[in-house]
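The structure appears below as structure tokens.
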Amino acid sequence: MMAEKTTYNDVVIDVRDLCKAFGENHVLQDFSMQLHKGENVVVLGRSGSGKSVFIKCIIGLLEADSGSIAVLGKEVMDLDQHLLDQLRVDVGFLFQSNALYDSMTVRENLEFPLRRHMSGISSVDRDERVMRALTDVGLAFTVDMLPEELSGGMKKRVALARALILQPKIILYDEPTTGLDPITAREINELILQVQKLYNTSSIIISHDMNCVRQTANRVVLLIDGKCYAEGSPDILEKSNDPFVHAFFD
């Protein structure tokens, strides 16, 4: 299964001239990109190139030094904590480490964002959302298990179910296949595409895994030296004669 070629119109994330430094280490330098409704964009770069820093700036987990980050028409850098929390309801985040709570069951992990952001929801609706999200990732039977009872691939699926629980418009994936065996990684890539179709999500996928890129990306943004060095479909970039681009697809 591969990402379909699609035409996009509505911009849901618009990043302009983003800069972020840690001391003398200038990680992002005037980085710009857009994400369109219904699109999967893979931000591709070497380890330490600033990919994860970038998506953490999008959701306000890190504060950018300068530039503009508009998410669903709202300027992230101008939002107070309350408005930022409201925006995060529409943006699911799949952490590289999964970030499941070890002391909570799968059900309790999925209920956590519902209790935080939708306190008025009934217990019946809460249960329905939990079971739907788990069913959509093929893990309804794990609902009363603990994270320690799950394989690496199952933990990744549960983490994705938790990211879906609030039915977000956008999902940010931070290295979704890191640490997984090739078969499980392929299954996660296929699940990303299934989620895109089922929920009509728009996604930014951070990766340096070329199988993930080829399988999930409608478009690729190449992050080199803190900037958007090149962008295009995987097919177009793979045919590039630019040695810096070709090095990723070789």
> Within the range 146-166, can one find any residue that is closer than 27 Å to residue 190 by Cβ, over 19 Å from the mean Cα position of the chain (by Cα) and β-branched (Val, Ile, Thr)?
Replying inline: no
>> Please verify whether residue 23 is small (Gly, Ala, Ser), at pLDDT below 95, more than 24 Å from residue 186 (Cα to Cα) and out of contact with any Ser or Thr (no Cβ under 6 Å at 6 or more places or on another chain), treating the condition exactly as stated.
In response: yes
> Taking the range 168-184, which residues are without any contact (Cβ under 8 Å) to a residue 60 or more places away in the chain, touching an Asp or Glu at 6+ places or on another chain (Cβ under 9 Å) and surrounded by fewer than 23 Cβ atoms within 10 Å (Cβ to Cβ)?
Replying inline: 180
>> When you check residue 236 against the structure, is it buried (at least 22 other Cβ atoms within 10 Å of the Cβ), over 24 Å from residue 25 (Cβ atoms) and not hydroxyl-bearing (Ser, Thr, Tyr), yes or no?
In response: no
>> Regarding the range 96-106, can at least one residue be identified that is touching a residue at least 24 places away in the same chain (Cβ under 8 Å), assigned to a loop (DSSP other than H, G, I, E, B), among the aliphatic types (A, V, I, L, M) and at positive phi?
In response: yes
>> Out of the residues in the range 86-125 meeting the condition of being touching an Asp or Glu at 6+ places or on another chain (Cβ under 7 Å) and not β-branched (Val, Ile, Thr), tell me which one is surrounded by the most Cβ atoms within 10 Å (Cβ to Cβ).
In response: 94
> Looking at the range 12-60, which of its residues are of a type in the set (Phe, Trp, Tyr) and under 22 Å from residue 81 (Cβ atoms)?
Replying inline: 54
> Would you pick out the residues in the range 32-71 that are touching an Asp or Glu at 6+ places or on another chain (Cβ under 6 Å), small (Gly, Ala, Ser) and closer than 20 Å to residue 216 by Cα?
Replying inline: 52
> In the range 107-144, what count of residues is obtained for those that are assigned to a helix (DSSP H, G or I), of a type in the set (A, V, I, L, M), in contact (Cβ under 8 Å) with a residue 24 or more places away in the chain and within 23 Å of residue 180 (Cα to Cα)?
Replying inline: 3
>> Any residue in the range 50-75 that is closer than 17 Å to residue 204 by Cα and free of Cβ contacts under 8 Å to residues at least 60 places away in the same chain sitting within a Cβ distance under 7 Å of a residue that is small (Gly, Ala, Ser) and surrounded by 22 or more Cβ atoms within 10 Å (Cβ to Cβ)? List the pairs, counting only those 6 or more apart or interchain.
In response: 57/64
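The values are calculated or read from the model by the stated rules, or taken from the named source; none is laboratory data. The structure displayed is predicted, hence computed values, not measured ones. Backbone-built Cβ (ideal geometry, glycine too); neighbour counts: all protein chains shown.
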